[in-house]
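The values are calculated or read from the model by the stated rules, or taken from the named source; none is laboratory data. Source: prediction; values computed, not measured. Cβ: placed from backbone, ideal geometry, glycine included. Neighbour counts: every protein chain shown. For the accessible areas, the whole protein counts, side chains as well, though only heavy atoms, and no ligand, DNA or RNA atoms are used. Shrake-Rupley method; radii C 1.70, N 1.55, O 1.52, S 1.80 Å.
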Amino acid sequence: MQARKQPLIIANNFHPATIEALDASYETTHLWTLDEAEKKAKLAELEGHCVAAASASWATDPLLYTLDSLQVIACFGVGVDGIDFTETDRLNIRVTNTPGVLDDAVADIALGLIIACSRKFIRADAFVRKGQWKKGPLPLGQSLAGKTLGIAGLGRIGQEIANRAMGFKLNIAYHNRRLKDCDYTYCESLNELASHSDIVVNVLPGGPATRKILDASFFDCLGAEGTFINVGRGQSVDEAALVHALQNRTIAAAGLDVYDQEPGVPEALIALDNVVLLPHIGSATGETRTAMGDLVIGNLASFFADQTLVTEFFSS
Ligand code: NAP
Ligand code: 8YV
């Protein structure tokens, strides 16, 4: 006789191929397809015997925290700002994420944004398509060699950005809460990093500790020739201050993959020609998303085998 499949709640529709694989191994509930009343009824039915959930890392369904029997949430994504750690700590729920496997893909996007901004790729493409080339040249861009790239959050992804940036002859500076054992220039604060850099890339995690940490004073320090790149989280930026700095050319340009209220992007940003806008595609390659899904699947398999986790996330 075949063993009964374990129940598993899937909170949101994060990656179809991973969800398909989970559907094959578990008795899954697709929570996001239910209305609020149906969700509550289903959770009441699962209470006592459902111990695991899978979820996007950047957002989840808070109703998960009403399931007293829940022991683990396996997240798809490395940035776990969608999880309420007050609730998971209170309920002794363990959390996993997907570190490491997306570093290259996100670092590639950061470098792409740096070049798109400094060499005006988007404007240049429109310039050719609209037939403007015949009328005269595009305004000049800015060289990278010899300039300084400041990295806000020199962790796994930040290190891969630094590795690539050195190939472009950029000098590297960084700000973390703690000094790292590396040769890059350490800046004690984000404003010091901005003052010291020609380009700053934000790779800080989201969550309450970094909410709007990049504010008007940070953009003032970056200055009129400075470029801001964000592949971390939109919530870390005071978006109104960023729009103001771009509109008034108190910074030169920005390249953004992430926003405060995704998938919403402020109209004021869309109207500007000195900003490059991407729809949160840092990890969006087939290979990377498969590797992230494999970690979600691996964490759950390991938990059900012997209660161990492959990539547990500890909130402090
Ligand atoms: P990580 O290895 O943990 O690196 C984060 C770095 O930030 C650490 O070195 C940490 O150093 C520093 N840091 C954390 N809080 C800080 C604070 N309050 N002030 C200053 N420095 C702080 O994380 P990762 O794997 O590189 O991922 C970083 C973030 O990238 C994720 O959390 C996620 O938000 C974002 N992300 C975006 C995409 C995308 O698609 N755009 C994809 C993946 C990840 P200290 O502890 O010494 O401060
Ligand atoms: C998302 C991310 O998971 O890992 C993170 O923290 O932000 C991304 O990799 C991805 O956008 C999924 O849609």
Kindly write out, for the stretch 256-268 in residue order, the coupling ³J(HN,Hα) from the Karplus curve 6.51 cos²θ - 1.76 cosθ + 1.60 (θ = phi - 60°), rounded to whole Hz, with x marking Gly and Pro.
10, 10, 9, 9, 5, 10, 5, x, x, 10, x, 3, 4
Please give me the summed charge of the neighbours of residue 121: other residues whose Cβ is under 13 Å from its Cβ, Lys and Arg +1, Asp and Glu -1.
+2
Answer with one residue from 83, 218, 254: the one whose Cα lies farthest towards the positive end of the charge dipole of the chain, charges on Cβ with Lys, Arg +1 and Asp, Glu -1.
254
Pick out, in residue order, every one of the GluC sites (Glu not before Pro) in the stretch 208-314 that is DSSP loop and has at most 16 other C-beta atoms within 10 Å; say none if there are none.
225
Using a 1.4 Å probe, how large is the accessible area of residue 260, given in Å² and rounded to the nearest 10?
20 Å²
Ignoring ligands, DNA and RNA, please state the percent of accessible area on the chain from carbon and sulfur, probe 1.4 Å.
53 percent
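Could you state the accessible area per residue of the stretch 103-277 in Å², with a 1.4 Å probe and every protein chain left in place?
On the way: 8650 Å² over 175 residues.
Accessible surface, normalised per residue, equals 49 Å².
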Efficiency of FRET between residue 89 and residue 123 - r from beta-carbon atoms, R0 35 angstrom, step 0.05:
0.15
Where Lys and Arg each count +1 and Asp and Glu each count -1, what net charge lies around residue 105 among other residues with Cβ under 15 Å from its Cβ?
-4
Among the listed pairs 5/39; 5/212; 147/212; 180/212, which have their C-alpha atoms separated by more than 32 angstrom in this model?
5/212
Tensor-based shape of the stretch 114-270 (alpha-carbon gyration tensor, a/c under 1.5 rounded, otherwise prolate or oblate):
oblate
Selected from 158, 136, 193, residue furthest toward positive end of dipole (the stretch 103-277; charges at beta carbon):
136
What lysines could a cross-link reach from residue 135, if we take a straight Cα to Cα line under 25 Å and drop same-chain neighbours fewer than 8 places away?
120
Loop-located trypsin sites (Lys or Arg not before Pro) in the stretch 163-206, at most 12 other Cβ atoms within 10 Å (DSSP):
169, 177, 178
Dipole magnitude of the chain, debye to nearest 20 (Cβ charges: Lys/Arg +1, Asp/Glu -1, about Cα centre):
1180 debye
Starting from the amide H of residue 95, placed 1.01 Å from N in the peptide plane, find each other amide H under 5 Å away whose residue is 5 or more places distant or on another chain.
73, 313
Those trypsin sites (Lys or Arg not before Pro) from the stretch 35-119 that are DSSP loop and have at most 16 other Cβ neighbours within 10 Å turn out to be 119
